[in-house]
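Accompanying notes for the structure given below.
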Amino acid sequence: MPAWKRCLYTAGHESENWELASAEEFQPVPRLCRCILAVYEDDLRNPIWAPLGGYHMNLDWVILHKDYKETHGQSTPYMIYLDHENADMVLAIRGLHLGNQSDYAVLFDNKLGQTTFDGGYVHNGLLNAARWVFDAEHEVLKGFAREESNLYTDICRAFTWGWSCGLVNYGGMVVLQNQDLLGNV
């Protein structure tokens, strides 16, 4: 099933007809989940929340790791990791921290029918957060995409859970509408 058709389903019905993933298709999931979990750390060299066995990341390949102070409440913290071993550029965005008022501001920045996007309606706060991340990091992503596009099969993979899954999906839509800002890669 094409990815765009998956976006047409809602709630618990979204994946009921999906085929089972093969071992090869599933292989990157644990690695990328560890990358997402690493975004929750304040100091990756001295982790507090590392899973058993650690994050399995080369910390020298972390391009940037932005916390709440650096996102100015416009997005949850995120990280860009250039995984040379697996030929991935990973943009990992953490989920909501409902103890943080700026996350509530993004979550509640929405009214029914407030924001249209490509012929449909989207969550205003999530779209603005995705645009903020893209505006803040498109030059970084463009530089690596240009340098690594012949070496990497997947230039950008972004995985996350919960509400930030919407932010990541909107980020993909923002990228598609602004490919020129990434050098049309």
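The values are calculated or read from the model by the stated rules, or taken from the named source; none is laboratory data. None of these values were measured; they are calculated from a predicted model. Backbone-built Cβ (ideal geometry, glycine too); neighbour counts: all protein chains shown. The area values use the complete protein model at the heavy-atom level, side chains included, leaving out ligands, DNA and RNA. Shrake-Rupley method; radii C 1.70, N 1.55, O 1.52, S 1.80 Å.
Please list 3J(HN,Hα) in residue order for the stretch 119-131, calculated via the Karplus relation 6.51 cos²θ - 1.76 cosθ + 1.60 where θ = phi - 60°; whole Hz, with x for glycine and proline.
For the stretch 119-131, the Karplus-derived couplings read x, x, 10, 10, 6, 4, x, 5, 5, 5, 5, 4, 5 Hz, x marking Gly and Pro.
For ASN178 and HIS72, what does the FRET efficiency come to when R0 = 22 Å and r is the distance between their Cβ atoms, rounded to the nearest 0.05?
Taking R0 as 22 Å, the efficiency between ASN178 and HIS72 is 0.55.
Provide the gained length on full extension for the span SER22 to LEU59, in nm with one decimal, where the gain is 0.36 nm per separating residue minus the Cα-Cα distance.
10.4 nm
Given a Förster distance of 35 angstrom, what is the FRET efficiency for VAL29 paired with ASP135, based on the Cβ-Cβ distance and rounded to 0.05?
Computed FRET efficiency for VAL29 and ASP135: 0.75.
Ignoring ligands, DNA and RNA, how do ILE36, ILE63 rank by accessible area with a 1.4 Å probe, largest first?
Output order, biggest surface exposure first: ILE63, ILE36.
Per 10 Å bin, what is the whole-percent P(r) computed from every C-alpha pair distance within the stretch 41-111?
18, 43, 28, 10, 1
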